[in-house]
Amino acid sequence: MGQSAAAKRPKPSAAAFAAAGEDRLSALPDDVLVVILLRLDTAAAVRTSAVSRRWRRVWALLPELRFPNGADPRLVASALASHEAAISYLGVEAVDAALESVEACLAVAAGRLSGRVIFQNRVSGGNAGGDGKEETGDLGSFELPCFESATTVSLDLGFLGLAMPLAGVFARLTDLSLSQQLLKRFQALLSLQISLFYPKDIGSFQYAMEELTKLPCLTSLAIMIRRNGHTFGASLFHVLRMCSDIRNLVVLLLDLEEPFMCPSGCVCGHSMDWNTEGLTLNFLQEVAIDMEGTDHQVAVVKRLFTWAVVLKRMQITFHPSLSECKVRELRQMLSSFSGPETRVEFYMYHTSGTMKFDRKRYLLGP
C-alpha cells in the first residue's frame, strides 16, 4: 500500500527545484551538458551562455557546430574564434552571403577544423536578374584557405568565385566537393565530386571548364551535371583527360525532367574533339551513368566503352519517361558497344505519384 502511494506521488518539477534554489541540471558534468547541447543548433547552444556563469563556456566545448537557416558567416566566424574544443564537424547554411564574410569565416574554420566542413551559400530568388553579375559569376573570388586537418570539404558558394591555395597541404583530405568552382591543386586526395551547373544560356561561360587545368591523382570521380539541355561530352572528356588513372566513375544528371533544349548556334556544337580524339583510361573498371536516351548521351556511352580498355562493369540507368520500346532499342544498341569482358547492367528509376522520380532503381532483366 505504501509502495503504491509512493509510485503515485508526483515527482518534483523543475520549477519546484528552482524555487528551492536547487539547479540539478547545472550540477551535471561538462561532458553530459555537451551531449544535451548537441541536440540544439549552435546558435541556440550559444544562447545558453546567458543562463548562468556555469553555462557560459559549455557551448565552446561542442565538437560539432551547426549553423542552419541563413546563418551570418560573420557571426559564425566570431563563434569559431571563441570556441575552445577540436571541431570534428562544421555545417553552415548561409543565404546571399557577401564574399568578405564567407572568406573570413572559412579562414577561421581552416585553423580549427579536424574533420568535416560543409558550407552552403544559397542564392535567394531575389538575386536572379539584377545587373547580370550573378549569371556570369562575376561577384569576386577569394583564395580558399588550406584545411590542413580536414577530412571532408564540401563547398557550394553560390555565385562567388574560388581559387585554390598556392601553398599548404590538405594532408588528411579524402573527399572534396565543389559546386561550380575552379579546381587547381590538391594533394592526398582519393575521391572527388564535381558539380557542373550549366546556365540556360551558356554564352562565354562554356562549361565552367576554361580554368580547370589540373586534377590530383584520383581513384574515384563523381560528376553531377545540371545541364539545362546542353551537351556535356566535351566537359566530361576534358575532366577525364586530367585524371586518366581513375578506377570508378559516376555521371549523374540532375535535371532529367526539364524540357529545355540547347539553342541552335550554342557553343556546345563548337567543341566536338571529344568525339574524335583518343583517350585511354587504363584503370577504369566501373562506370555508372544516367540516360534519357538522347543521341548525344548514346555517343558519350559509346566513347566510354572505347576509352575504358579494362572496363568490367557498366551501370546504365534510364529515365522513367522512356517508353518500353525505346528502352529495348537503347539496351540492344548500348549492349553492342561492350566487349565480352564487360558486364552491362540496365536500371530504371521508379516514378512517384507526383510524376517526379526518386533515386530508387530496379534492375531490368535480360
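Roughly how far apart, in whole Å, are the Cα centres of the stretch 39-90 and the stretch 92-107?
17 Å
Could you grab the relative contact order for the stretch 29-125? Cα pairs under 8 Å, six or more apart, rounded to a whole percent.
25 percent
Could you calculate the contour length gain from Asp175 to Cys217, that is, 0.36 nm times the residue separation minus the distance between their Cα atoms, to one decimal place in nm?
That pair, Asp175 and Cys217, stretches by 13.9 nm at full extension.
Just to be sure I understand the model, the point goes 7 Å from the Cα along the line to the Cβ. What's the resulting Thr306 to Glu277 distance in nm?
Result for the modelled spin labels: 1.4 nm.
Calculate the spin-label point distance for Leu40 paired with Met242, positioning each point 7 Å from the Cα along the beta-carbon direction, and give it in nanometres.
4.4 nm
How far apart, in nanometres, would the label points at Asp295 and Arg313 be if each is projected 7 angstrom from Cα along the Cα-to-Cβ direction?
Placing both labels 7 Å beyond Cα along the Cβ direction yields 3.4 nm.
Ala98 to Ala163: extension gain in nm, 0.36 nm per residue of separation minus the Cα-Cα distance?
21.8 nm
Which net charge results for the neighbourhood of Pro145, defined as the other residues with beta-carbon distances under 13 angstrom from its beta-carbon, given Lys and Arg at +1 and Asp and Glu at -1?
The answer is -2.
Net charge near Pro63: determine it from the other residues with C-beta under 13 Å of the C-beta of Pro63, scoring Lys and Arg +1 and Asp and Glu -1.
So the environment of Pro63 carries a net charge of -1.
Each reported figure results from applying straightforward, stated rules to the coordinates on display, with no laboratory input. Everything numeric here is computed off the predicted structure, so don't read it as measured data. Glycine also receives a Cβ, built like all others from the backbone with ideal geometry; neighbour counts cover every protein chain displayed.
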